[in-house]
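The values are calculated or read from the model by the stated rules, or taken from the named source; none is laboratory data. Nothing here was measured: the structure is a model prediction, and the numbers come from that model. Every residue, glycine among them, receives a Cβ derived from its backbone with ideal geometry; neighbour counts consider all protein chains shown.
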Amino acid sequence: MINILWVDDEIDLLKPHILFLEKKNYKVTTCNSGTEAIDIIEDNNFDIVFLDENMPGLTGLETLNEIKEKKDSIPVVMITKSEEEYIMEEAIGNKIADYLIKPVNPNQILLSLKKNLDHSRLVSEKTTSNYQQEFRKIAMDLAMVNSYEDWVNLYQKLIYWEIQLEDIEDAGMFEILESQKTEANIQFGKFIDKNYPNWFSRDARAPIMSHTLFKEKIVPQLSGEQPTLLVVVDNLRYDQWKVFEPIINNYYKKEQESAFFSILPTATQYARNAIFSGLMPSEMEKLYPQYWKNDTDEGGKNLHEADFLDTQMQRLGLTHLNYEYHKITNLKNGKKLVDNFKSLKKNDLTVVVYNFVDMLSHSKTEMEVVKELASNDKAYRSLTLSWFKNSPLLEMIQQAQHLGFKLILTTDHGTINVKNPSKVIGDRDTSLNLRYKTGRSLTFDKKDVLLADSPKDIHLPSINMSSSFIFAKGDLFFAYPNNYNHYVSYYRNTYQHGGVSLEEMIIPFVVFNPK
């Protein structure tokens with residue numbers, strides 16, 4: 001039974017309301033003053049408090065403060081005759097559960113009870129019902145999908161329902177969604193296998209991809225009138241973006257949101273260099289061998305993003321714009337940039353590459369504590385959100401809003417939680433990534449991979465004449481037969497990128513203007 005405490009100096013006038021609630025099986029305890037209410041709350045457990053604002057002695061707001069100090073978790077509904085704004089603001093600031101203006105009718109009280117006490121059950125039931133209806137539509141869409149636009153729409157729909165269903169009590173519904181995602185990735189792998197090479201034809205109807213993103217989507221946003229902050233969060237999945245979108249919305253108004261496709265391999269050295277150079281990897285290798293490194297080359301593979309950005313700005317005739325590039329790889333670097341952020345207002349374009357999410361995915365592989373904290377996609381989203389709320393990146397965004405910057409948020413590729421091994425054999429020069437391999441004489445299970453036996457067809461460099469690329473599909477990861485069991489148990493349920501999946505390839509591009 002639900003226990004209600006109702007506090008009002010004219011409680012006798014509310015007898016009809018109380019009888020109405022008792023008939024609905026609620027237990028109502030009443031009192032006439034804030035002082036009495038505080039004493040009763042000390043010794044009893046209530047599910048909710050209805051509190052009159054205008055009482056002699058302790059006012060409603062004073063009583064509210066006392067209640068929150070003693071039992072912060074009890075929802076309190078403030079009831080008042082006054083419509084004065086400061087009272088509303090005070091009450092809301094003290095985290096009231098609801099605010100009702102007298103005279104109240106019994107149905108208003110009932111609605112407030114259901115909203116505050118039955119909210120999670122009602123939302124859970126409604127969400128489950130809505131998804132059950134949507135399930136059939138998604139299944140039909142999955143059977144019909146045949147364009148990159150269809151895949152973007154379908155993936156966004158799956159993310160929407162994944163986030164909606166993650167907090168409901170019916171775990172079975174979530175498992176059904178997971179099975180739909182798995183089936184979607186199987187079909188998406190077939191779609192990419194069939195269509196990806198054609199996207200590079202001269203007259204192809206292709207999506208915006210890593211190497212065309214800057215020219216097609218970012219350049220149109222640049223002007224000499226408003227400074228622009230371009231933030232590239234490494235390894236940011238679409239679902240992670242959706243969970244911290246509400247925080248950015250406190251400071252910025254979203255002007256446009258679209259998805260684009262990461263090139264293959266969906267790995268930083270390929271996809272992010274392609275964004276900044278405006279070129280595919282084979283073109284980078286040919287035109288700028290001093291900046292490009294193949295998988296087997298010594299040294300860092302992403303040390304020349306600023307140089308690649310210079311070459312693209314020159315090629316596009318944008319050298320009249322002032323621009324700077326910054327890469328943030330640790331907290332100290334992030335705070336230093338925050339401290340100096342005002343100096344960036346002189347730039348037309350400030351590029352910030354933020355590496356935290358990528359580090360988080362690698363830490364999940366290497367550190368047991370992070371494996372616990374990010375054990376599944378829901379936890380991974382939650383951990384990303386927690387980081388973002390407390391990060392220098394959010395401070396930068398707040399400062400950018402204050403200084404009138406346009407904000408562009410994007411990423412280079414996503415990541416996927418890998419669960420199933422696929423055996424591969426290669427020589428000692430074969431690349432090390434778990435989601436793609438390049439090298440000679442690769443032996444693999446054909447059903448598990450997208451094969452590019454002629455890398456030049458998809459504008460990838462060949463380390464030698466007989467090199468090929470293979471990309472893992474779905475949630476697979478490549479494992480060598482040597483020490484197989486140890487390798488599989490170490491990498492299973494870790495976040496990897498480089499292969500073919502909705503999570504890795506379909507990624508967000510968002511433009512905001514300051515509020």
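What the table shows:
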| item | result |
| --- | --- |
| Those residues of segment 138-197 which are assigned to a helix (DSSP H, G or I), hydroxyl-bearing (Ser, Thr, Tyr) and under 22 Å from Ala259 (Cα atoms), in sequence order | Tyr148, Tyr155, Tyr160, Thr182, Tyr196 |
| Residue list for segment 295-316, filter: of a type in the set (Val, Ile, Thr) and in a helix (DSSP H, G or I) | Thr311 |
| Unique residue being among the hydroxyl-bearing types (Ser, Thr, Tyr), in a strand (DSSP E or B) and buried (at least 22 other Cβ atoms within 10 Å of the Cβ) when the list is Thr350, Thr266 | Thr350 |
| Whichever residue in segment 374-412 is assigned to a loop (DSSP other than H, G, I, E, B) and either in contact with a Gly (Cβ under 9 Å, 6 or more places away or on another chain) or free of Cβ contacts under 8 Å to residues at least 40 places away in the same chain (or both) and, among such residues, is surrounded by the most Cβ atoms within 10 Å (Cβ to Cβ) | Ser391 |
| Sole residue being of a type outside the set (D, E, K, R), farther than 18 Å from Leu230 by Cα and at pLDDT 95 or above, chosen from Leu316, Leu337, Leu309, Leu264 | Leu264 |
| Enumeration of residues in segment 169-214 that are over 25 Å from the mean Cα position of the chain (by Cα) and exposed (fewer than 15 other Cβ atoms within 10 Å of the Cβ) | Lys190, Lys194, Asn198, Ser201, Arg202, Asp203, Ala204, Arg205 |
| Residue list for segment 287-306, filter: closer than 12 Å to Ile463 by Cα and either hydroxyl-bearing (Ser, Thr, Tyr) or touching a helix residue (DSSP H, G or I) at 6+ places or on another chain (Cβ under 9 Å) (or both) | Lys293, Asn294, Asp295, Thr296 |
| Residue in segment 143-167 that is nearest to Trp199 (Cα to Cα), counting only those that are surrounded by fewer than 15 Cβ atoms within 10 Å (Cβ to Cβ), modelled with pLDDT of 90 or more and more than 20 Å from the chain's Cα centre (by Cα) | Ser147 |
| Where Asn235 falls short, out of the listed (1) crowded, with 22+ Cβ neighbours inside 10 Å; (2) out of contact with any His (no Cβ under 7 Å at 6 or more places or on another chain); (3) of a type outside the set (Val, Ile, Thr) | (2) |
| Residue that is modelled with the lowest pLDDT, among those in segment 485-512 that are more than 23 Å from Thr296 (Cα to Cα) and among the aromatic types (Phe, Trp, Tyr) | Tyr490 |
| Residue match in segment 342-352 (condition: under 20 Å from the mean Cα position of the chain (by Cα) and at pLDDT 95 or above) | yes |
| Residue pairs meeting the criteria (Cβ under 6 Å; at least 6 apart or on separate chains; first within 8 Å of Arg435 (Cα to Cα), in segment 487-501; second of a type in the set (Ser, Thr, Tyr)) | His497/Thr266; His497/Thr415; Gly498/Thr266; Gly498/Tyr436; Gly499/Tyr436 |
| Options Asn417, Asn433; residue that is in contact with an Asp or Glu (Cβ under 8 Å, 6 or more places away or on another chain), assigned to a loop (DSSP other than H, G, I, E, B) and within 22 Å of Glu504 (Cα to Cα) | Asn433 |
| Candidate set: segment 6-33, residues that are part of a strand (DSSP E or B) and either free of Cβ contacts under 8 Å to residues at least 40 places away in the same chain or touching an Asp or Glu at 6+ places or on another chain (Cβ under 7 Å) (or both); chosen: the one surrounded by the fewest Cβ atoms within 10 Å (Cβ to Cβ) | Lys27 |
| Condition met for Leu460 (aliphatic (A, V, I, L, M) and part of a loop (DSSP other than H, G, I, E, B)) | yes |
| Pair list, Cβ under 7 Å, 6 or more apart: segment 160-179 residue closer than 20 Å to Val243 by Cα, other residue of a type in the set (Asp, Glu) and at pLDDT 80 or above | Trp161/Glu134; Glu162/Asp239; Ile163/Asp239; Phe174/Glu166; Leu177/Glu162 |
| Selection within segment 189-234 - within 19 Å of Tyr436 (Cα to Cα) and among the basic types (Lys, Arg) | Lys190, Lys194 |
| Residue satisfying condition, being in contact (Cβ under 8 Å) with a residue 60 or more places away in the chain and under 18 Å from Arg435 (Cα atoms), within set Pro481, Pro455 | Pro455 |
| Matching option when the condition is in a loop (DSSP other than H, G, I, E, B) and over 23 Å from Lys301 (Cα atoms), among Ser441, Ser422 | Ser441 |
| Segment 480-515, subset assigned to a loop (DSSP other than H, G, I, E, B) and of a type in the set (S, T, N, Q), residue nearest to Pro246 (Cα to Cα) | Ser501 |
| Selected residue (criterion: surrounded by the fewest Cβ atoms within 10 Å (Cβ to Cβ)) from residues of segment 238-258 that are within 26 Å of His497 (Cβ to Cβ) and among the hydroxyl-bearing types (Ser, Thr, Tyr) | Ser258 |
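Rundown of residues vs (1) of a type in the set (Phe, Trp, Tyr); (2) within 21 Å of Val510 (Cα to Cα); (3) in contact with a strand residue (DSSP E or B) (Cβ under 8 Å, 6 or more places away or on another chain), yes/no style:
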position	(1), (2), (3)
Gln226	no, yes, yes
Val243	no, yes, no
Pro246	no, yes, no
Lys253	no, yes, yes
Gly278	no, yes, no
Asp295	no, no, yes
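Yes/no per residue for (1) out of contact with any Pro (no Cβ under 7 Å at 6 or more places or on another chain); (2) among the β-branched types (Val, Ile, Thr); (3) under 19 Å from Tyr354 (Cα atoms):
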position	(1), (2), (3)
Arg202	yes, no, no
Leu222	yes, no, no
Asp239	yes, no, yes
Phe244	yes, no, yes
Glu255	yes, no, no
Phe261	no, no, no
Asp295	yes, no, no
